[in-house]
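Heads up, the thing below is written out as structure tokens.
No value in this document is a laboratory result; all are computed from the given coordinates. The shown structure was predicted, so the numbers you read here are calculated from the model rather than taken from an experiment. So basically every Cβ, Gly included, is an ideal-geometry build from the backbone, and we count neighbours across all protein chains shown.
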């Protein structure tokens, strides 16, 4: 009878403890990292997020990887990167994603100002300009190093512009 009581108690404790929470391994692709400074900034931002550990960046591959304690921590990490002006592709896992908080409205515009993107050096400006060069109708951009806003001019679809910047690793908001 004592073995039965011990076994029953052990099963009860396991049931009470609930299921183990699996760590989330996240790899972000297409993160803007034109230089070591950008890579360090990505690592710094991720390193400050509660529940995130094992942060690594690969500047050449434009990737960042980390382990999150759960899906909620993984989402917080993506939100923190976005707040820092970075964007990336988390892959096919739809439980967490970069939120579209750009405020962009699809349709043709002659000028638009985007803000909030990471822009610490001349390499960032070059990457920004390279990202939008294939957006049909873009004629000019006022991006300058260390200024986290830029006006883009021409006659182009605003949503396509934001999409191109996101794809290049820049998280932007449209200034009204």
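Evaluate 2.2 N^0.38 Å with N set to the residue count of the range 21-99, then give the Cα radius of gyration divided by it. Display every interim value, and only then the final one.
Values: Rg = 11.1 Å, N = 79, 2.2 N^0.38 = 11.6 Å.
Here the Cα radius of gyration is 0.96 times the empirical estimate.
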Once a ≥ b ≥ c are taken as the square roots of the eigenvalues of the Cα gyration tensor of the range 108-175, is the result rounded (a/c under 1.5), prolate (a/b larger than b/c) or oblate (a/b not larger than b/c)? prolate
All alpha-carbon distances of the chain, grouped into 5 Å bins from 0, give the whole-percent distribution 1, 9, 16, 18, 15, 11, 8, 5, 3, 3, 3, 2, 2, 1, 1, 0, 0
Over the chain, what is the relative contact order in whole percent, taking alpha-carbon pairs under 8 Å and six or more residues apart? 23
Nearest 10 degrees, 0 to 90: what angle lies between the long axis of helix 2-17 and the longest principal axis of the chain (Cα atoms)? 10
Could you calculate the contour length gain from residue 121 to residue 70, that is, 0.36 nm times the residue separation minus the distance between their Cα atoms, to one decimal place in nm? 15.0 nm
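Can you give me the relative contact order of the range 108-175 as a percent, contacts being Cα pairs under 8 Å and 6 or more apart? Intermediate results must be reported in sequence, preceding the final value.
On the way: 128 pairs, mean separation 31.9, N = 68.
Rounded, it is 47 percent for the range 108-175.
Restricting to DSSP H runs of at least four residues, report the calculated mean residue ellipticity at 222 nm for the chain, -39500 (n - 2.57) per run over all residues, nearest 500 deg cm²/dmol. If you can, show how the numbers build up before the last one.
Details: 5 runs with 62 residues, N = 176.
For the chain, the value works out to -11000 deg cm²/dmol.
Just to verify a number: FRET efficiency for residue 129 and residue 159, C-beta to C-beta distance, R0 = 22 Å, to 0.05?
On the way: r = 19 Å, r/R0 = 0.87.
Efficiency, rounded to the nearest 0.05: 0.70.
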